[in-house]
Amino acid sequence: MTKRAFITGITGQDGSYLAELLLGKGYEVHGLIRRASTFNTSRIDHLYVDPHEAEARLFLHYGDLGDGARLTTLLASINPDEVYNLAAQSHVRVSFDEPEHTADTTGTGSVRLLEAVRMSGIETRFYQASSSELYGATPPPQSETTPFYPRSPYAAAKLYSFWITKNYREAYGLFATNGILFNHESPRRGETFVTRKITRAVAAIKAGRQDHVYMGNLDAVRDWGYAAEYVEGMWRMLQADEPDDYVLATGVGITVREFLETAFSHAGLQWQDHVRFDERYLRPTEVDALIGDPSKAEQKLGWKATVGPLELARLMVDADIAALECAGTPWIDRVPLSGWPVA
Ligand code: NDP
Ligand code: GDR
């Protein structure tokens, strides 16, 4: 029997890797996409097969986490074995500008999807994209038993989603899991997250297209892993005998400054020559240090990260240099190389 999965956020970084993984495992994959005035499927275009063809196993459906009725009818008609809730307003800095929208998508959106599972009456397993941002001000190392202390509207919304997922597990016996994922990055990472902002800047500076990049707090410590490996961990959580919550992390933390240093020196550049400070990139409340303890996932799921933060920085620089070399693509030319000013 072919397994069916439903993914919200399929057009995002993680959604694209997860769709790839599940298609590779023989799944039929259904993804929720938002209607936009321009195409927003660039991360999954390589997976496209004309849905009229018999071999097509990827299907996209318009919808939004703000529209509960649509989620219910969609789930009833697709009847998936697994539901992955990856959709969110996922930018921490932006959540301070748009707290209400973030609460609605990143928080209430999860209960809309859980209710859709319940109301449609389907038998399914549910994955919630929880985050190391839940730990916020609680110092590292952070594990499944570490107390939460959210420090942004984004983290507060994710905290609600964490608990409502757990509540549906306990109240209704739903196979519902929280993956508490530490930062994970890739060449597909959104351009305004710090790693990708840095590696795109390195490529542009190396190519002589740009001279400097404006950054915020360089002292923050993060445990950056490779996104392609983390989606395997999500899938493993839904294959376990019992639903539970798991941390996925590398266990290694470095500062933004160390990431900068590694990325610039990999391209033969000195970061100090090219990095300037702009306070607009600071957050009203910062999360100083996140370093995960992934031992539970290792023991119970057999999952372990193999790419650490420094190797990741080099991998992303190589990818952005290669991407710029085949530039002329309208996408790269239209996005300001230093990133949009808001984030
Ligand atoms: P992205 O920002 O790359 O992707 C977010 C996805 O959510 C996009 O597909 C986006 O669609 C979709 N989306 C946003 N709002 C809505 C909405 N109202 N209705 C339907 N879809 C919507 O995130 P990542 O792939 O990096 O992360 C995946 C999930 O994991 C997110 O929930 C994030 O908060 C969480 N997370 C991420 C971590 C990381 O380090 N990457 C770590 C821990 C948790 P569109 O393309 O149209 O904008
Ligand atoms: P984060 O990721 O907030 O950890 O959330 P981000 O890459 O935005 O920031 C990481 C750290 O870098 C500092 N920083 C900057 N950040 C950005 N974006 N731009 C800058 O110019 C800059 N300068 C310094 C930040 O202050 C911060 O300390 C990500 C998201 O993917 C969330 O959805 C996810 O839940 C968490 O990771 C785990």
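The values are calculated or read from the model by the stated rules, or taken from the named source; none is laboratory data. All values reported here derive from a predicted model rather than from experimental measurement. Note: ideal-geometry Cβ built from the backbone for every residue, glycine included; neighbour counts use all protein chains shown.
For the stretch 190-218, how many residues are of a type outside the set (S, T, Y), within 15 Å of ligand 1 (Cβ to nearest atom) and either surrounded by fewer than 24 Cβ atoms within 10 Å (Cβ to Cβ) or more than 21 Å from the chain's Cα centre (by Cα) (or both)? Residues meeting the conditions: 5.
R276 meets the stated requirement of being within 13 Å of ligand 2 (Cβ to nearest atom) and modelled with pLDDT of 95 or more.
Please work out which residue is nearest to ligand 1 (Cβ to nearest atom), limiting yourself to the stretch 68-99 and to residues that are hydroxyl-bearing (S, T, Y) and surrounded by fewer than 17 Cβ atoms within 10 Å (Cβ to Cβ). Only one residue tops the list, namely T73.
Filtering the stretch 319-331 to residues that are surrounded by fewer than 16 Cβ atoms within 10 Å (Cβ to Cβ) and either β-branched (V, I, T) or at pLDDT 95 or above (or both) leaves A322, T329. Restricting attention to the stretch 140-152, the residues being surrounded by fewer than 24 Cβ atoms within 10 Å (Cβ to Cβ) and within 14 Å of ligand 2 (Cβ to nearest atom) number 5.
Does the stretch 153-173 include one or more residues that are assigned to a loop (DSSP other than H, G, I, E, B) and within 15 Å of ligand 1 (Cβ to nearest atom)?
no
Of all residues in the stretch 21-36, those satisfying the criterion of being closer than 19 Å to G109 by Cα and not in a strand (DSSP E or B) are R34, R35, A36. From L18, L65, which residue is within 16 Å of ligand 2 (Cβ to nearest atom), under 23 Å from A116 (Cα atoms), outside any loop (DSSP other than H, G, I, E, B) and in the same structural domain as W235 (by TED's automatic domain parsing)? Checking each option against the conditions leaves just L18. With respect to (1) over 30 Å from K296 (Cα atoms); (2) part of a helix (DSSP H, G or I); (3) of a type in the set (A, V, I, L, M, F, W, C), the lone exception for L269 is condition (2).
A search for C-beta distances below 8 Å between a residue of the stretch 157-185 that is within 22 Å of P99 (Cβ to Cβ) and any residue that is part of a strand (DSSP E or B) and away from ligand 1 (no atom under 15 Å from the Cβ), counting only pairs 6+ apart in sequence or on different chains, returns T165/A176.
Within the stretch 175-226, the residues that satisfy the criterion of being among the β-branched types (V, I, T) and in a strand (DSSP E or B) are T177, I180, V213, V221. Looking at the stretch 109-130, can you tell me whether even one residue there is within 20 Å of I291 (Cα to Cα) and within 13 Å of ligand 1 (Cβ to nearest atom)? Yes, that holds for at least one residue. One residue stands out among those in the stretch 117-139 that are more than 16 Å from ligand 2 (Cβ to nearest atom) and either touching a His at 6+ places or on another chain (Cβ under 9 Å) or not in a helix (DSSP H, G or I) (or both): the one that is farthest from L238 (Cα to Cα), which is G121.
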